[in-house]
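These notes are about the structure you will find just below.
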Amino acid sequence: MNHQLLEQYRPILQQYRLQADYIEDYGKTKKIYTRAGVFALKELSMPQQLQTIHNAYRFFAKKAIPLFLAHNGHPFVAYRGRYYYLMPWISDEAKEERHERHLPLFRDLAQIHQTSLKEVEINEEALTNYYNSIKERQEKQREFLQSYIETCENEWYMSPFQLQFCTYFHETMQAYWFAQTQLENWYEKMKETKKWRVAVVHGNVSLSHYVYAEKGNGYFLSLERSHIAPPLSDLLHFFQKYLRTYPIMCDECVNWFIEYEQAFPVQEEETALFLSYLAEPEMIYRMVHQYVNQSKKMDERRQVSQLQKAYWFMKNSEYFIMRLTEIEEKKKAQEESHASS
């Protein structure tokens, strides 16, 4: 098997003047052992990712693992319709607890957002269209679930899935109410400012895409999804993945958000939109919609299990949101107190 890998990647490595002794396969990333050291060879499937990575490195700079140049002076190598780039293989040397390891990730992410930050004006028509698109999606989901709860209640015998959904329904409607309230708060504030902050975002932030070197410096990996977007979209993506687990009260998540905000102050309207997206129980809607339409054939037990996981995610998000809201309210009260004194 390794002989096949050595032969397959030999033409690519030759363009970096390297000869592999051994290759370990990690999917699209290959760990290359050579006499010159250990390297990571990453495969790209789309040519547009080349420009994406090139642009991202302008801002991630010292916070991204450096790319090696091929003998032609370019960092990317094309071979048989695929594209590749080469980096040093950096083993994660961090000895801290998992919570502590997240803190520098959020500090460095905030630094990237601060460095690349731009403020753009948004006209009222575009603002209203964006607001209406989110509002209509949330209302459509809520109305679908309200209609289905009536169907369930009219059943002579409910299925296990329907019974489970009925127990979650009231809390799900509360989540939609909160999401829509935060959306209204964002919209009212945006109508005043008509300004939108954007920055270079990673696009797929996670602890697996952030490693420590020997000197304790952190580096981001996998910049293929980097793009220009509101800074908190990185945090939204991170927490939507991180909170999708068994029931937890993630006080650490609150600390990570605070760590980020200390390095990159977040505006009130940005927090409101972030909370609206995070509170929206879309995962429950998708599970119910899938069950009703049977778009995926699976047994009842598995569907009940997936609905339960969607509920856990909603409740995990709810605790995190509740804590952030408490902190924001205390902050506002302090500002009003200082202003009146």
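The values are calculated or read from the model by the stated rules, or taken from the named source; none is laboratory data. Note that the coordinates shown come from a computational prediction; the quantities given were computed from them, not determined experimentally. So basically every Cβ, Gly included, is an ideal-geometry build from the backbone, and we count neighbours across all protein chains shown.
Of everything in the range 146-177 that is surrounded by fewer than 19 Cβ atoms within 10 Å (Cβ to Cβ) and within 25 Å of the chain's Cα centre (by Cα), the residue that is nearest to I53 (Cα to Cα) is W177.
Only one entry in A78, A56, A110, A126 is in a helix (DSSP H, G or I), of a type in the set (A, V, I, L, M) and free of Cβ contacts under 8 Å to residues at least 24 places away in the same chain, namely A126. Inspection of the range 286-303 finds no residue satisfying the criterion of being within 20 Å of L163 (Cα to Cα), in contact with an Asp or Glu (Cβ under 8 Å, 6 or more places away or on another chain) and part of a helix (DSSP H, G or I). Figure legend. Inter-residue proximity from the range 140-159: first residues within 16 Å of Y176 (Cα to Cα), second residues among the basic types (K, R) and surrounded by 14 or more Cβ atoms within 10 Å (Cβ to Cβ), beta-carbon distance below 6 Å, spacing 6+ or different chains. No pairs are indicated. Listed residues H113, H102; which is touching a Pro at 6+ places or on another chain (Cβ under 6 Å) and farther than 23 Å from R17 by Cα? Among H113, H102, only H113 is touching a Pro at 6+ places or on another chain (Cβ under 6 Å) and farther than 23 Å from R17 by Cα.
Scanning the range 65-86 for residues that are of a type in the set (A, V, I, L, M) and out of contact with any helix residue (DSSP H, G or I) (no Cβ under 6 Å at 6 or more places or on another chain), we see that the one that is modelled with the highest pLDDT is L86. Taken over the range 178-224, the criterion of being among the β-branched types (V, I, T) and surrounded by 18 or more Cβ atoms within 10 Å (Cβ to Cβ) is satisfied by V200, V201, V205, V211. From the list V292, V288, the one residue that fits, being among the aliphatic types (A, V, I, L, M), over 19 Å from E261 (Cβ atoms) and surrounded by fewer than 20 Cβ atoms within 10 Å (Cβ to Cβ), is V292. Against the condition outside any strand (DSSP E or B) and under 22 Å from G218 (Cβ atoms), how does I12 come out, does it pass? Here the answer is no, as I12 does not meet what is asked. Answer yes if at least one residue in the range 318-331 is crowded, with 20+ Cβ neighbours inside 10 Å, under 24 Å from the mean Cα position of the chain (by Cα) and farther than 28 Å from K135 by Cβ, and no otherwise. Scanning the range 318-331, I find no residue that is crowded, with 20+ Cβ neighbours inside 10 Å, under 24 Å from the mean Cα position of the chain (by Cα) and farther than 28 Å from K135 by Cβ, so the answer is no. Residue under question is K42, and the condition is that it be part of a strand (DSSP E or B) and under 19 Å from S222 (Cβ atoms); does it hold? Yes: the conditions hold for K42. If you check I248, I327, I284 for being closer than 20 Å to Y176 by Cα, among the hydrophobic types (A, V, I, L, M, F, W, C) and touching a residue at least 12 places away in the same chain (Cβ under 8 Å), only one passes: I284. Within the span defined as the range 181-194, one or more residues are modelled with pLDDT under 95, in contact with a strand residue (DSSP E or B) (Cβ under 7 Å, 6 or more places away or on another chain) and over 30 Å from F39 (Cα atoms).
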